[in-house]
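Colleague: Starting off with a structure, shown below.
The values are calculated or read from the model by the stated rules, or taken from the named source; none is laboratory data. Keep in mind it's a predicted model, so treat the numbers as computed, not measured. No Cβ is skipped: glycine too gets one built from the backbone with ideal geometry, and neighbour counts run over all protein chains shown.
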Amino acid sequence: MTGGVAITVLCAVLGPGEADVVRRLGAAGSSTTVTRRCADLTELLAAAEAGSGRTAVVSATLPGLGREAVARMHQAGVRVIALDDAPEASTDRLAAIGVDGMARSLTDLISVVRDETARPPTVAPEASEPPATAAGKGRLVAVWGPVGAPGRTTTAIELAVALAAGPPVTGAPGKRSRGEAAGRGGLLGKAGHHGPRALRGGAGEQVLLVDADTYGPCIAPRLGMLDDSAGLAGAVRAAGMGPLDVETLARYAPVALPGVRVLGGIGRPARWAELSGAALDAVWERSRDLADWTVVDTGPVLETDELLSYDTRAPQRNAATLGALAAADVVVVVGGGDPIGLQRLVRGLDDLAAVPAPVTPDRLVVVNRVRAAAVGANPRTSVRAALARFAGVDPHVVPDDPAGLDAGLRCGRALSECAPRSPVRAAFGALADEVRRMVRARTSADGEESPWIALPERMRG
Ligand SMILES: Nc1ncnc2c1ncn2[C@@H]1O[C@H](COP(=O)(O)OP(=O)(O)O)[C@@H](O)[C@H]1O
Ligand SMILES: [Mg+2]
């Protein structure tokens, strides 16, 4: 108890024991007072958000109690204490969803509620979690571009394949070629505890390709997978209700290309509400344990809906895109190589700079489908000159190759398998090398961040 003020408690306990909990917490002389008895989670959340109490006492089995609900109560400044009195304790699940305290009996509960200094429980390491240091974890690359880019999805797929193929041959003894690395990486069935390799370079780099576009999700059908698999939505659901271990995440993300697992998007854009909230952040975090590289294909819109509706509780249409950008180690920005595409790209770079969430300054700009028919003779030079002038960046230029890309669409494969000589494939290989360089530059030998290098120089293709 602080300064003689009683701790206000919102009670959402199930079953006949509820009356006892309320009686004990409200007893005369106790430092706690029950301000609301809630029948279910909806009522509890409403009371929490109305400021009716500063501690919530909930049954561990309260229907709907998950990461999202706990996050909402935390946002409202409410501590969450779970009464977990079933014979079998749910400690791991409760810790994973973020509760601040747990009690196995009514007596325990009273003391946990009274102890306002109690810290959130330590999350027990999940069985499959490797003892990785931050530097040893996988890296996340978000691929974003304005409306009608075109090429976010193509970039994400081809970048994923190029990263899985491993770094280029340097001639150093023991280094593998891209081809060898891809062969090994693709067949590793179990979750990769190989994060540190991504920074050292070497064989068997594993990639997780995620479709987080809530407007035009299409990675699964593009790669010949079942359209309705919605792996990302499944992983978010699993993360919402408890710990998301690497094996579970891997189950939602089958290996679809050599070295590349795919977490498919929502089959229909109408399902966008499934991709938001605290559980989505948990998926990004766990993906770093599953793969050396996570490549996220995002939607084109960056608006934060809550600024429009003033309703911070509403699911956010663009949460998946904004969350991926906030989690990213490198952001790849894609625009189209025609006058409209370039104009949108220049504005898009401004929009990205104005995103309220902190987004890494490590960005690479790609101009896709660069062709003389759209921008005149010497398209490469004119595109680079235009972007240098209007955005101060030097982009990676990817040529137009309708025949190669159409072959990919026809077979549902990446260029490496159906049009290996496509110049587009080579351009994305160079982009992957630049992504690796950028990550390496950020992670100096002693683990400190390297000094910022001027953006245009780093964007050289
Ligand atoms: N470099 C390219 N050359 C030719 N066609 C391309 C190229 N890049 C993408 N495409 C084609 O453009 C279309 C849209 O690309 P996509 O990657 O799906 O864009 P987005 O995800 O931005 O909507 C696809 O049919 C794709 O095959
Ligand atoms: Mg797309």
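Colleague: Does the stretch 115-133 contain at least one residue that is modelled with pLDDT of 90 or more and either within 30 Å of GLY337 (Cβ to Cβ) or more than 16 Å from ligand 1 (Cβ to nearest atom) (or both)?
Modeller: no
Colleague: Search the stretch 400-414 for residues being more than 16 Å from ligand 2 (Cβ to nearest atom) and surrounded by 15 or more Cβ atoms within 10 Å (Cβ to Cβ), and hand back the single one that is nearest to ARG380 (Cα to Cα).
Modeller: The residue in question is ASP400.
Colleague: Here's a follow-up. Run down ALA142, ALA156 and say which single residue is within 16 Å of ligand 1 (Cβ to nearest atom), at pLDDT 85 or above and part of a strand (DSSP E or B).
Modeller: From the options ALA142, ALA156, the qualifying one is ALA142.
Colleague: I'd like to know if the stretch 78-99 contains one or more residues that are surrounded by fewer than 16 Cβ atoms within 10 Å (Cβ to Cβ) and in contact with a helix residue (DSSP H, G or I) (Cβ under 8 Å, 6 or more places away or on another chain).
Modeller: Checking the stretch 78-99: not a single residue is surrounded by fewer than 16 Cβ atoms within 10 Å (Cβ to Cβ) and in contact with a helix residue (DSSP H, G or I) (Cβ under 8 Å, 6 or more places away or on another chain).
Colleague: Those residues that are crowded, with 24+ Cβ neighbours inside 10 Å and either at pLDDT below 95 or outside any helix (DSSP H, G or I) (or both), I need them from the stretch 290-300; list them, please.
Modeller: The answer is ALA291, ASP292, TRP293, THR294, VAL295, VAL296, ASP297, THR298, GLY299.
Colleague: Next up: Output the strands (runs of 3 or more DSSP E) that fall wholly within the stretch 307-421 and possess 2 or more residues being among the charged types (D, E, K, R) and over 30 Å from ALA50 (Cα atoms), or say none.
Modeller: By residue number, 363-370.
Colleague: What are the residue pairs meeting all of these: first residue in the stretch 352-374, first residue within 15 Å of VAL141 (Cβ to Cβ), second residue in a loop (DSSP other than H, G, I, E, B) and small (Gly, Ala, Ser), Cβ atoms under 6 Å, and 6 or more apart or on different chains?
Modeller: From residues that are within 15 Å of VAL141 (Cβ to Cβ), the pairs are THR360/ALA328.
Colleague: Can you name the residue in the stretch 209-268 that is among the hydrophobic types (A, V, I, L, M, F, W, C) and in a loop (DSSP other than H, G, I, E, B) and is also farthest from ligand 1 (Cβ to nearest atom) among such residues?
Modeller: Here the residue is LEU244.
Colleague: Taking VAL367 as meeting all but one of (1) under 11 Å from ALA149 (Cβ atoms); (2) within 16 Å of ligand 2 (Cβ to nearest atom); (3) in contact with a strand residue (DSSP E or B) (Cβ under 6 Å, 6 or more places away or on another chain); (4) not small (Gly, Ala, Ser), write down the number of the exception.
Modeller: Condition (2) is where VAL367 drops out.
Colleague: Just the residues that are surrounded by fewer than 23 Cβ atoms within 10 Å (Cβ to Cβ) and within 17 Å of LEU342 (Cβ to Cβ), please, taken from the stretch 135-164.
Modeller: VAL147, GLY148, PRO150
Colleague: Within the stretch 35-42, is even one residue surrounded by 20 or more Cβ atoms within 10 Å (Cβ to Cβ) and under 21 Å from ASP115 (Cα atoms)?
Modeller: No, because not a single residue in the stretch 35-42 is surrounded by 20 or more Cβ atoms within 10 Å (Cβ to Cβ) and under 21 Å from ASP115 (Cα atoms).
Colleague: Residue under question is GLY392, and the condition is that it be at pLDDT below 95, under 13 Å from ARG363 (Cα atoms), among the small types (Gly, Ala, Ser) and more than 26 Å from the chain's Cα centre (by Cα); does it hold?
Modeller: Here the answer is no, as GLY392 does not meet what is asked.
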